[in-house]
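**Q** Below are the C-alpha cells for one structure; questions will follow.
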Amino acid sequence: MSDGGARHVTTATIDATLADASGPVLLDFWAPWCGPCKAIAPMIDELARELAGQATICKINVEAEPAIAERFGVQALPSLVFLKGGQRVDTLVGKVPKALLADRLRALRD
C-alpha cells in the first residue's frame with residue numbers, strides 16, 4: 001500500500017507475496033462486518049509501518065478471498081497467522097495487543 005501500511009493480498013498475489021517475504025509474515029484475516037477486525041485494523045497498519053523491512057504484514061478479506069482463508073484453516077475472525085520460511089508457526093484469534101504481535105514477529109526474525 002502507498003501509505004506503508006499492511007498489504008492487501010488476493011488469491012492472485014498471495015503466493016508471490018509470500019515468496020518475496022524475506023522475514024516473518026503476519027496474515028490478518030478479517031471481514032467488513034467483524035467489529036474486532038475493524039478495531040485492530042489501524043494497529044495492524046501501524047505495525048506494518050514500524051516493522052517495514054523486518055516483517056511482511058498482509059490483510060486478507062475472507063469474504064473476497066475465501067480460498068486463502070480455507071488454505072490457512074481460518075475459522076474465526078480476526079485470525080492472525082504467523083509464517084516463517086513460508087510455514088505456519090503460530091495463530092492468534094481475536095483482538096490482541098500490538099506489543100504481543102510485535103514481539104512474536106521479532107522472535108521469528110531470529
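The values are calculated or read from the model by the stated rules, or taken from the named source; none is laboratory data. Since the structure is predicted, the reported quantities are computational estimates derived from the model, not experimental observations. Cβ atoms come from the backbone with ideal geometry, glycine included; neighbour counts cover every protein chain shown. Side chains are part of the model used for accessible areas, which takes the heavy atoms of the whole protein and leaves out ligands, DNA and RNA. Shrake-Rupley method; radii C 1.70, N 1.55, O 1.52, S 1.80 Å.
**Q** Can you confirm whether the range 56-67 contains a residue that is over 13 Å from Phe29 (Cα atoms), surrounded by 21 or more Cβ atoms within 10 Å (Cβ to Cβ) and not polar (S, T, N, Q)?
**A** Applying the first criterion (over 13 Å from Phe29 (Cα atoms)) to the range 56-67 yields 56.
Narrowing further to those that are surrounded by 21 or more Cβ atoms within 10 Å (Cβ to Cβ): 56.
Among the residues that remain, those that are also not polar (S, T, N, Q) are: none.
No - not one qualifying residue is present in the range 56-67.
**Q** Looking only at residues in the range 98-110 that are aliphatic (A, V, I, L, M) and touching a strand residue (DSSP E or B) at 6+ places or on another chain (Cβ under 7 Å), which one is most open to solvent (accessible area, probe 1.4 Å)? Write out each step before concluding.
**A** Restricting attention to the range 98-110, the residues satisfying the condition of being aliphatic (A, V, I, L, M) are 99-102, 105, 107-108.
Narrowing the set further to residues that are touching a strand residue (DSSP E or B) at 6+ places or on another chain (Cβ under 7 Å) leaves 101, 105, 108.
Working: Leu101: 0, Leu105: 2, Leu108: 33 Å².
Selected residue: Leu108.
**Q** Condition first: surrounded by fewer than 17 Cβ atoms within 10 Å (Cβ to Cβ), touching a residue at least 24 places away in the same chain (Cβ under 8 Å) and of a type in the set (Gly, Ala, Ser). Can you find one or more residues in the range 3-15 that meet it?
**A** yes
**Q** Give Pro32, Pro36 a once-over and let me know the one that is in contact with a Lys or Arg (Cβ under 6 Å, 6 or more places away or on another chain) and either of a type in the set (Gly, Ala, Ser) or more than 13 Å from Ile14 (Cα to Cα) (or both).
**A** Numbers: Pro32 fails: in contact with a Lys or Arg (Cβ under 6 Å, 6 or more places away or on another chain).
None of the other options fit; the residue is Pro36.
**Q** What's the total number of residues in the range 26-42 that are outside any loop (DSSP other than H, G, I, E, B), surrounded by 16 or more Cβ atoms within 10 Å (Cβ to Cβ) and either free of Cβ contacts under 8 Å to residues at least 60 places away in the same chain or polar (S, T, N, Q) (or both)?
**A** Of all residues in the range 26-42, those outside any loop (DSSP other than H, G, I, E, B) come to 26-30, 35-42.
After this cut, where a residue has to be surrounded by 16 or more Cβ atoms within 10 Å (Cβ to Cβ) as well, the list is 26-30, 37, 40-41.
If we keep only those that are either free of Cβ contacts under 8 Å to residues at least 60 places away in the same chain or polar (S, T, N, Q) (or both) too, we end up with 27-30, 37, 40-41.
Adding up the residues that qualify gives 7.
**Q** What residue, among those in the range 68-92 that are farther than 13 Å from Leu26 by Cα and among the β-branched types (Val, Ile, Thr), is least open to solvent (accessible area, probe 1.4 Å)?
**A** Ile68
**Q** Which count do you get for residues in the range 43-55 that are surrounded by fewer than 18 Cβ atoms within 10 Å (Cβ to Cβ) and part of a loop (DSSP other than H, G, I, E, B)?
**A** Here the count works out to 3.
**Q** Does Lys95 qualify as being open to solvent by 50 Å² or more (accessible area, probe 1.4 Å) and of a type outside the set (Val, Ile, Thr)?
**A** Working: open to solvent by 50 Å² or more (accessible area, probe 1.4 Å): yes; of a type outside the set (Val, Ile, Thr): yes.
For Lys95, the condition - open to solvent by 50 Å² or more (accessible area, probe 1.4 Å) and of a type outside the set (Val, Ile, Thr) - is met.
**Q** Same structure, new question: Restricting attention to the range 7-21, does a residue exist that is within 14 Å of Ser79 (Cβ to Cβ), touching a helix residue (DSSP H, G or I) at 6+ places or on another chain (Cβ under 8 Å) and at pLDDT 95 or above? Before you say what the answer is, go through the steps one by one.
**A** Looking only at the range 7-21, we keep the residues that are within 14 Å of Ser79 (Cβ to Cβ), and these are none.
Within the range 7-21, none of the residues are within 14 Å of Ser79 (Cβ to Cβ), touching a helix residue (DSSP H, G or I) at 6+ places or on another chain (Cβ under 8 Å) and at pLDDT 95 or above.
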